[in-house]
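Enquirer: Below is one structure. I have some questions about it.
Computed from the coordinates by the stated procedures, all read-outs in this text should not be read as laboratory data. None of the values given here were measured: they were computed from a predicted structure. Cβ atoms come from the backbone with ideal geometry, glycine included; neighbour counts cover every protein chain shown.
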Amino acid sequence: MTGRCFSVQTLSLLSALERDPAVWRHGYELAKETGLQSGMLYPALIRLADRGLVQARWEEEQPAGRPRRHLYRLTADGLTAARAALSEQRSKRHRGAIAANRRPARVKEV
Amino acid sequence: MLARVLTGLLMRSVWLLPAERAEWLEGLVAEPAQTGAGRSRVAWLLGGVWLLAGELLRRSAARVLTFIVAAGIVVWLIWPGRSSDAAVPVNRVLVPLLVAELALLPLLVRRFYGPRRHGWLPRTVRVVGYLVVLATAAGHAVEQREGQKLGAYFGSGFGRMPVAANAAIFALVLAGYAAAILILTSRRVRLSRLALPIALATGTLTGVALSARFSVHLWSGARGTLVVHLGLGWWGFVALGLPLLTGFMVSRLAARDTPATGLSPARQGSLAAVSATGTAVLVLAALTAVTIAISPQKVPLRTPPPPPNGGCESCDPVNLTIPSDLRHEYWVGLSIASASRAPDAMLVIGPMFALFAGVLGTGLAEASRRIGNRYDSPHSPEPPSPAPT
């Protein structure tokens, strides 16, 4: 699984989930962290769950004053894929930065 | 206020999605307690609407596209025509209404009978059934347009019933057939494995055979209407013989092969009987309407009745005065407009007769099963031993 399989939005979602993979996260928290709208966030989560990379469950206890929340975290496969995709993204950025530094500066003709 | 409306809308739409998807939407709707009030909550919930719409379209994109194309073709076919034609304005209102009704019916049926059953057969039945219903609607509308060219001259068209009432009843009947197709193939109607294939196969074969006879009748240039041509024997077979046989067969088979929570064999037999006749008359109505719409000039011309006691020669049976220069055109139109009256009437009458015949067939199946069980049962009396010689 490479970073090429994921869109930029999905990569930011994977990055948020990968930060603390053991913790179950809820949708609004992920939306705040990634800056994604709910209409983008949930389809991305569903696609990841269909590929077996994200697991979902409901909060076990009924909290007072609000409905139970749906929670998400990476599966073991999801964690591996997320780490591979994020490291590939980082190395791509790094290569891009080096290439930009090596490019000779344009000399202004006077 | 808007947030509350959107929450209500989304929670009431959850059933549209399969269970494995519905919980994601419910999860999204459960979040707004955290999102704060006002615009951010509305924006969050609009994301839910987007999710719902996307899932619905993605899951049924091919079917939705097929329906849109087919419905577009139907509306395109029925739209042209002169305003002097009594059927044109009626078609332009009622056919799009029927199309909209057909688009909404799957959602309504899903609410009460659950989603479509798994497998290729229910899927094919739904797609083909819908296409047949649309073809019937288009064929009937074009046939009426061809037949009612002089209709506006006589007010609301000619025939025994105003064109609008006739078309409205026809549209309702077709919507009923579409609903029946959806219900029969939904998950909560649990039938034995062979019930639906038997009903559909026997019904389709009968419908095609009847339509073939009608086409031969048209192309041979014979006189007389379809009712006369087919004769009582055929109609009797469709209304009574076919459902009796299907009801008997399905009821016997269902007794051996019914899912645990399925309908009783007797009910399955009756349902199959009505379905077989329904299929036969729908296929007949569709092929008849399409054949007439394609070649209205082939419809046998009805001749004016002889004037009673030397009376009015230019009057039709409903006592309209027909100008002499329009007389031929009038009888041509009337012949076309009423050519498919028999199959159209059978759409309503056929299933009613079929229900009675089906109940009779399942009763016979039940009786034959009881007789069979009496001899097969281990407690059945031993057959008498031959007398010693």
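Enquirer: I need the P(r) histogram for segment B:58-110: all alpha carbon pairs, bin width 5 Å from 0 out to the longest distance, whole percents.
Expert: The percentages, shortest bin first, are 4, 18, 23, 21, 14, 10, 6, 3, 1.
Enquirer: Counting alpha carbon pairs within less than 8 Å and at least 6 residues apart, what relative contact order, in whole percent, applies to segment B:2-48?
Expert: 47 percent
Enquirer: Counting just the Cα atoms, what span does segment A:3-101 cover along each of its three principal axes? Round to the nearest Å and put the largest first.
Expert: For segment A:3-101, the Cα extents along the three principal axes come out at 56, 25, 21 Å.
Enquirer: Then there's this: Going by amide H atoms built from the backbone, whose H comes under 5 Å of the H on B:Ser186, apart from near neighbours?
Expert: B:Arg117
Enquirer: For segment B:60-181, take N as its residue count and report Rg(C-alpha) divided by 2.2 N^0.38 Å.
Expert: Working it through for segment B:60-181, the quotient is 1.16.
Enquirer: Please compute the modelled spin-label separation between A:Glu60 and B:Val64, points set 7 Å along Cα→Cβ, answer in nm with one decimal.
Expert: It works out to 3.9 nm between the two label points.
Enquirer: Given DSSP loops and a limit of at most 16 other Cβ atoms within 10 Å, what is the longest stretch of chain A that contains no such GluC sites (Glu not before Pro)?
Expert: A:1-58
Enquirer: What relative contact order, as a whole-number percentage, does segment B:24-123 give when Cα pairs under 8 Å and 6 or more residues apart are counted?
Expert: Reported relative contact order: 13 percent.
Enquirer: Please give the FRET efficiency for B:Ala19 paired with B:Lys298, using the beta carbon to beta carbon distance and R0 = 60 Å, rounded to the nearest 0.05.
Expert: 0.65
Enquirer: Here's a follow-up. Using a simple spin-label model with points 7 Å from Cα along the Cα→Cβ vector, what separation in nm is obtained for A:Ala84 and A:His26?
Expert: Here the modelled spin labels are 3.4 nm apart.
Enquirer: What residues qualify as long-range amide H neighbours of A:Leu71, i.e. H under 5 Å apart, gap of 5 or more or another chain, H built at 1.01 Å from N?
Expert: Amide H to amide H, under 5 Å and 5 or more residues apart or across chains, A:Leu71 pairs with A:Arg57, A:Trp58, A:Glu59.
Enquirer: To continue, here is another question. Compute the FRET efficiency between A:Val8 and B:Trp79 as 1/(1 + (r/R0)^6), taking r as their Cβ-Cβ distance and R0 = 51 Å, and round to the nearest 0.05.
Expert: For R0 = 51 Å, the calculated efficiency reads 0.65.
Enquirer: Now a separate question. Once both labels are modelled 7 Å past Cα along the beta-carbon direction, what's the A:Asp77-B:Ser40 spacing in nm?
Expert: 3.6 nm
Enquirer: Also, quick follow-up: Between B:Leu56 and B:Val208, what is 0.36 nm times their sequence separation minus the Cα-Cα distance? Round to one decimal in nm.
Expert: 51.2 nm
Enquirer: While we're looking at this one, here's another question. Using alpha-carbon pairs under 8 Å, 6+ residues apart, how would you state the relative contact order of segment A:3-101 in percent?
Expert: 33 percent
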